[in-house]
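S.K.: I am attaching a structure below and will ask some questions about it afterwards.
The values are calculated or read from the model by the stated rules, or taken from the named source; none is laboratory data. Small disclaimer: the values here were computed from a predicted structure and weren't measured. Counting neighbours? That spans all protein chains shown, and the Cβs are built from the backbone with ideal geometry, glycine included. For accessibility, only protein heavy atoms count, side chains too; no ligands or nucleic acids. Shrake-Rupley method; radii C 1.70, N 1.55, O 1.52, S 1.80 Å.
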There are 4 protein chains.
Amino acid sequence: MLVSEKRFLVEWGDCDPANIVFYPRYLKWFDACTTGLFAEAGIPTAALFKRHGVIGIPLVDLKVRFLVPSTVGDVLLARSGVLEWRKSSFLVQHRFFKGDILAVEGVETRVWTGCDPSNPEHMKSRPIPAEVIRSLSRPRGSQA
Amino acid sequence: MLVSEKRFLVEWGDCDPANIVFYPRYLKWFDACTTGLFAEAGIPTAALFKRHGVIGIPLVDLKVRFLVPSTVGDVLLARSGVLEWRKSSFLVQHRFFKGDILAVEGVETRVWTGCDPSNPEHMKSRPIPAEVIRSLSRPRGSQA
Amino acid sequence: MLVSEKRFLVEWGDCDPANIVFYPRYLKWFDACTTGLFAEAGIPTAALFKRHGVIGIPLVDLKVRFLVPSTVGDVLLARSGVLEWRKSSFLVQHRFFKGDILAVEGVETRVWTGCDPSNPEHMKSRPIPAEVIRSLSRPRGSQA
Amino acid sequence: MLVSEKRFLVEWGDCDPANIVFYPRYLKWFDACTTGLFAEAGIPTAALFKRHGVIGIPLVDLKVRFLVPSTVGDVLLARSGVLEWRKSSFLVQHRFFKGDILAVEGVETRVWTGCDPSNPEHMKSRPIPAEVIRSLSRPRGSQA
């Protein structure tokens, strides 16, 4: 699978009175990593969504283990990739490393979602296009 | 002018390692207060925006004074009202009290904004409807 | 078990360009619910932490299911309670309802954490005091 | 004065239902820029605070102009520097550029703050050390 990387500097405003990252911040970073993974695959989500009539890839399930806390000034290296493809959903794994240590590990289940044709105000899951799966499955740096 | 009120409980996740509210949080609360002010005036923004083709009331200017810090467990009472009406913009004042003490005071300048008819991808300021000004100018609790 | 309740109004700033709650926001609300649960049990975390030398109750594990999206103006009713007690950790369940519909459901595993006596810069898990377990186990509204 | 630079990629979770950056996000970025400015000056805030007994540099005043909105995928270049030094406070200017266009401009007034010696639970402003002023006043890239 394609694994994308992203670096995060833990800022003052990411931390709570216990001087560690306030945990919902990691989930904001997960979301940015998923966007980064699509960009790395050569399919920036904004353009892709427009082409496929997709309005987002909302989460339906989230599992996270917080192994080591981080604090102001720490740099986290995130590695993200799609673990599994289903018909209209997929599992994205994120692993955050502090140096060599795995600090946070999580899996998002996301759904490929467009407007419901019978009611544009509502959202509806859609089959994931083959080109999306192909782009996110090739090894990093290989020909797009 | 109509003054609306809102109460905020300062949560753990609102505070930084110095154990005081991380200041961007106040601005999120300002935004919620402006929404609350419109709701108090009997014109919920979502419905109003839809009726008038408005896509938002983005900020163009912000001035804030932070007088007294607040911490986990503090309750802040916010009082918000429109200070001044201009053609397509307006000034909203927010004052946050901790007990009797004025803790934060700010003024937002917001613009009544719709899609540009000549280019729906772009936003354009619009004259503020008279009914909006009227609703936000009457004293609290008076006949809508 | 004691179940505490909290209401959240979904604000403009809680939502993303797909016009639904940006999911890390739910986790910030989870955290506020856990604080609210302790407060409901008559043991406000700030005071309790000070008495027991606890510096926080960091998360080590999180599982969430997002069943129904919510948008600006929705009101969510959160119900929170401790599902299970372990020696120095505990599981808090949060269920968010939109009217009668379960919209989000999650379980946090949190650790009772103090300073490491041998190194005050480091954190260390601690046995959960019996009085804490007792207070969070009684039915709502019963004698404290 | 020393001017530090920082780049921000506007993420999905930074934007609101109008598809533009939710404005409190800029203020979180301002805060990160101020931290970055100190780091660029060779005085990482965490270390500095410890050495000088400072617990933070809280904001007392904020003025921002939002000139051009930004959206998902935009990259903003921030330039930050100290505009003015006072006895125990200082003015930090942040300018965010989208390409060549000035998109957001703001000035923070921050206070050099330590614990009150007569009451360690309270905060108190302190004179800014000369070495801090010197380090933040030299041109970028010059000898520290």
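S.K.: Take the residues in region D:1-60 that are of a type in the set (Lys, Arg) and out of contact with any Pro (no Cβ under 6 Å at 6 or more places or on another chain); name whichever of them is nearest to residue C:11 (Cα to Cα).
M.R.: Restricting to residues being of a type in the set (Lys, Arg) and out of contact with any Pro (no Cβ under 6 Å at 6 or more places or on another chain), the top hit is D:25.
S.K.: Identify, from the list B:72, B:54, B:68, the residue that is of a type in the set (A, V, I, L, M, F, W, C) and within 19 Å of the chain's Cα centre (by Cα).
M.R.: B:54
S.K.: Now for a different question. Is there a residue in region C:36-55 that is of a type in the set (A, V, I, L, M), closer than 24 Å to residue D:20 by Cβ and facing another protein chain (nearest Cβ under 7 Å)? It would help to see each step written out before you state the result.
M.R.: Of all residues in region C:36-55, those of a type in the set (A, V, I, L, M) come to C:37, C:39, C:41, C:43, C:46-48, C:54-55.
Filter once more, keeping what is closer than 24 Å to residue D:20 by Cβ: none.
No, that holds for no residue.
S.K.: Restricting region B:86-99 to residues that are of a type in the set (D, E, K, R) and in a strand (DSSP E or B), which is nearest to residue B:66 (Cα to Cα)? Before you say what the answer is, go through the steps one by one.
M.R.: Looking only at region B:86-99, we keep the residues that are of a type in the set (D, E, K, R), and these are B:86-87, B:95, B:98.
Add one more test, that the residue is in a strand (DSSP E or B), and what stays is B:95, B:98.
Working: B:95: 10, B:98: 12 Å.
Filtering first and then ranking leaves B:95.
S.K.: Taking the options D:20, D:43, name whichever one is open to solvent by less than 40 Å² (accessible area, probe 1.4 Å) and under 16 Å from residue D:136 (Cα atoms). Before you say what the answer is, go through the steps one by one.
M.R.: Details: D:20 fails: under 16 Å from residue D:136 (Cα atoms).
Criteria check complete, one pass: D:43.
S.K.: Name every residue in region A:105-119 that is in contact (Cβ under 8 Å) with a residue 40 or more places away in the chain and not in a strand (DSSP E or B), in order of residue number. Even if it seems obvious, please write down each step before you answer.
M.R.: Looking only at region A:105-119, we keep the residues that are in contact (Cβ under 8 Å) with a residue 40 or more places away in the chain, and these are A:105-115.
Across region A:105-119, the qualifying residue is only A:112.
S.K.: A follow-up question, please. Only residues that are in a strand (DSSP E or B) and facing chain A (nearest Cβ under 8 Å): list them for region C:65-76, please. Even if it seems obvious, please write down each step before you answer.
M.R.: So in region C:65-76, the residues in a strand (DSSP E or B) come out as C:65-66, C:75-76.
Hits for region C:65-76 are C:65, C:66.
S.K.: Same structure again: Which of the residues belonging to region D:3-57 are within 17 Å of residue D:85 (Cβ to Cβ), modelled with pLDDT under 95 and part of a loop (DSSP other than H, G, I, E, B)?
M.R.: D:41, D:43, D:57 - these are the residues of region D:3-57 that are within 17 Å of residue D:85 (Cβ to Cβ), modelled with pLDDT under 95 and part of a loop (DSSP other than H, G, I, E, B).
S.K.: Another question about this same structure. So residue C:86 ticks every box in (1) of a type outside the set (Gly, Ala, Ser); (2) more than 14 Å from chain A (Cβ to nearest Cβ); (3) touching an Asp or Glu at 6+ places or on another chain (Cβ under 9 Å) but one. Which box is left unticked?
M.R.: Condition (3) is where residue C:86 drops out.
S.K.: Right, next: Would you mind finding the one in D:83, D:62, D:102 that is in a strand (DSSP E or B) and open to solvent by less than 40 Å² (accessible area, probe 1.4 Å)? Talk me through it step by step, then tell me what you get.
M.R.: Values: D:83 fails: open to solvent by less than 40 Å² (accessible area, probe 1.4 Å); D:102 fails: open to solvent by less than 40 Å² (accessible area, probe 1.4 Å).
None of the others qualify; the one that does is D:62.
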